[in-house]
Amino acid sequence: MSLLTHFEHPVDDAQYTFRRILKALSEPGVLVTLPHATGWQPLNPATTSVLLTLADQETPLYLDAALNSDTVQHNVRFHTGAPLTTCSDKSSFSLFNNEITAEQLATCPPGNELSPEQSTTVVIQTDSLHHGVPLRLRGPGIEHSRTVAPHLPVAVLNYLLNRPAAFPAGIDFMFTCGESLMAIPRTTHVEVC
């Protein structure tokens, strides 16, 4: 099993990436670029940067079969120490590709009114953060509204439009493509333009 590259400058790059992730979460729909240039295949560079920055020994991680490999597991364990789970219902972070189904999404815990922090953050590797269904975003971090068009799986689009869990419960989404990241947290109201 081979170790794959991590950040070139671990402390500086992790701090920079953390600030970029916070920007994406606090300004829903804004695209940010993350520094990891290669990624751990089949993980793209942005997903790899997110893991190197946010995953640790106390954040159980679920890897969907399409994004899972012995090499990815080995590098996640070595570089982050994050425990890997076989079920998304026990994870702090769940990674999926564009083929996520409604059934898979339903297993991701949204937390509840008293413990919203027990929700899963879902990271989805998508083919494009453009050329999808145009969506209008409103809510905290957006002055009036923001229009985005990420290429989203049908299950995720339906979840965002219908939000089955009442706030403060809910799932925060991060969408990655190449070195880019866009976030749509649970505080964001989403509608089709």
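Quick notes on this structure:
- For the range 1-28, a tally of residues being open to solvent by 10 Å² or more (accessible area, probe 1.4 Å), of a type in the set (Gly, Ala, Ser) and in contact (Cβ under 8 Å) with a residue 60 or more places away in the chain returns 2.
- Residue in the range 70-88 that is under 12 Å from the mean Cα position of the chain (by Cα), over 23 Å from residue 10 (Cα atoms) and touching a residue at least 12 places away in the same chain (Cβ under 8 Å) present: no
- Residues that are under 21 Å from residue 128 (Cβ atoms) and of a type in the set (D, E, K, R) within the range 21-75 comprise 23, 27, 64, listed in sequence order.
- Among (1) assigned to a loop (DSSP other than H, G, I, E, B); (2) within 17 Å of residue 163 (Cβ to Cβ); (3) out of contact with any helix residue (DSSP H, G or I) (no Cβ under 7 Å at 6 or more places or on another chain); (4) open to solvent by 60 Å² or more (accessible area, probe 1.4 Å), the one test that residue 131 misses: (2)
- Positions within the range 31-48 being crowded, with 18+ Cβ neighbours inside 10 Å and either of a type in the set (Val, Ile, Thr) or farther than 18 Å from residue 185 by Cβ (or both), in sequence order: 32, 35, 36, 39, 40, 43, 44, 45, 47, 48
- Filter result for the condition that a residue is open to solvent by 40 Å² or more (accessible area, probe 1.4 Å) and assigned to a loop (DSSP other than H, G, I, E, B), over 147, 187: 187
- Condition broken by residue 53, with the remaining ones in (1) without any contact (Cβ under 8 Å) to a residue 40 or more places away in the chain; (2) open to solvent by 60 Å² or more (accessible area, probe 1.4 Å); (3) within 14 Å of the chain's Cα centre (by Cα) satisfied: (2)
The values are calculated or read from the model by the stated rules, or taken from the named source; none is laboratory data. All values derive from a computational prediction rather than experimental measurement. So basically every Cβ, Gly included, is an ideal-geometry build from the backbone, and we count neighbours across all protein chains shown. Side chains included, ligands, DNA and RNA excluded: accessible areas come from the protein's heavy atoms. Shrake-Rupley method; radii C 1.70, N 1.55, O 1.52, S 1.80 Å.
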